[in-house]
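Report on the following structure.
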Amino acid sequence: VQEVRPPSLDSTSDPPAIFDGTTRLYISYACSYAQRVWITRNCKGLQDKIKLVPINLQNRPTWYKEKVYPPNKVPSLEHNNEVKGESLDLVKYIDSNFEGPSLFPSNPDKRQFAEELLSYTDSFNKGVITSFKADGMNDAGAAFDYIEMALSKFDDGPFFLGQFSLVDIAYAPFIERFQPFLLDVKKYDIKAGRPKLATWIEEMNKNEAYKQTSLDPEEYIATYKKRFL
């Protein structure tokens, strides 16, 4: 069932009834970091337990910083009269503290590799973004080669840890934006010569909980052009 996306709240919007016992996930529809947590909520089937509160980051309400989350960023999660932030922390928090299928494996080798991959996400993003304005594609190529290699480690499924996990959730929002942008601007196909990555993208696109959080690739291209070029 396609979830109806509530309208984004801006500087003219009233705040929700903060700390009334409702669990709220504050996001922006366009933010890749917020998308990680939104995907996690959906994959665990928590649409009725965690309410989405989208914020308009271009015209954000003053009450968000004053009353909800002083760092004034998304995502943040209001739960048990506290507000927490940082996307990877929130992904783990929701996985540990709410019902639904576990997104973190019990196998120690997989857990260790998961932590390695999660700590690489920022380097991956930097490597790819550096290439947006560079002449060559060396940095992006190396970053995507690392992903291809990582996807080859476990052979019990097409995902990073074999089976679908929060590692896939951590990377998906970024790869989803990089792929159309690099193809459009650099004529660079991230899937070329990377069969594991091509399969991973195909498998991710079959995941309804994830697909419900995606925007039109044309929107990503336009946003990235404005932001990076």
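The values are calculated or read from the model by the stated rules, or taken from the named source; none is laboratory data. Model, not experiment: these values are computed from the prediction. FYI the Cβ positions are ideal-geometry reconstructions off the backbone, even for glycines, and counts take in every protein chain you see.
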*Can you pull out the residues in the range 176-190 that are in contact with a helix residue (DSSP H, G or I) (Cβ under 8 Å, 6 or more places away or on another chain), under 20 Å from residue 215 (Cβ atoms), without any contact (Cβ under 8 Å) to a residue 40 or more places away in the chain and of a type outside the set (S, T, N, Q)?*
184
_Enumeration of residues in the range 68-77 that are of a type in the set (A, V, I, L, M) and in a loop (DSSP other than H, G, I, E, B)_ = 74
*Go through the range 113-141 and give me each residue that's closer than 24 Å to residue 153 by Cβ, surrounded by 16 or more Cβ atoms within 10 Å (Cβ to Cβ) and among the small types (Gly, Ala, Ser).*
114, 127, 140, 141
*Are there any pairs, at least 6 apart or on different chains, whose C-beta atoms fall under 6 Å, with the first in the range 19-31 and modelled with pLDDT of 95 or more and the second in a loop (DSSP other than H, G, I, E, B), and if so, which?*
19/81; 26/74; 27/74; 27/75; 28/74; 31/74
*Can you tell me which residues in the range 78-104 are farther than 15 Å from residue 43 by Cα, outside any helix (DSSP H, G or I) and among the polar types (S, T, N, Q)?*
80, 81
*Does residue 65 fit the bill of being assigned to a loop (DSSP other than H, G, I, E, B), under 24 Å from residue 9 (Cβ atoms) and either under 19 Å from the mean Cα position of the chain (by Cα) or at pLDDT 95 or above (or both)?*
no
_I'm trying to understand the selection: among the residues of the range 119-139, which are over 19 Å from the mean Cα position of the chain (by Cα) and assigned to a helix (DSSP H, G or I)?_
130, 131, 132, 133, 138, 139
_Tally of residues being exposed (fewer than 14 other Cβ atoms within 10 Å of the Cβ) and on the phi > 0 side of the Ramachandran plot across the range 2-52_ = 2
*Within the set of pairs 6 or more residues apart or between chains, which connect a residue that is in contact (Cβ under 8 Å) with a residue 24 or more places away in the chain inside the range 115-128 to a residue that is of a type in the set (Asp, Glu) with Cβ atoms less than 9 Å apart?*
128/139
*Hey, residue 72 surrounded by fewer than 18 Cβ atoms within 10 Å (Cβ to Cβ) and either within 20 Å of residue 20 (Cβ to Cβ) or modelled with pLDDT of 95 or more (or both) or not*: yes
*Run residue 180 past the list (1) assigned to a helix (DSSP H, G or I); (2) surrounded by fewer than 17 Cβ atoms within 10 Å (Cβ to Cβ) and report the number of the one that doesn't hold.*
(2)
_Checking the structure you have, find out if any residue of the range 146-157 is without any contact (Cβ under 8 Å) to a residue 24 or more places away in the chain and part of a helix (DSSP H, G or I)._
yes
*Kindly check whether there is at least one residue in the range 98-105 that is under 16 Å from residue 174 (Cβ atoms), surrounded by 12 or more Cβ atoms within 10 Å (Cβ to Cβ) and small (Gly, Ala, Ser).*
no
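Residues are listed down the side, and each one gets a yes or a no for (1) touching a strand residue (DSSP E or B) at 6+ places or on another chain (Cβ under 8 Å); (2) under 15 Å from residue 85 (Cβ atoms); (3) not β-branched (Val, Ile, Thr):
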| site | (1), (2), (3) |
| --- | --- |
| 12 | no, no, no |
| 28 | yes, yes, yes |
| 38 | yes, yes, yes |
| 54 | yes, no, yes |
| 69 | yes, yes, yes |
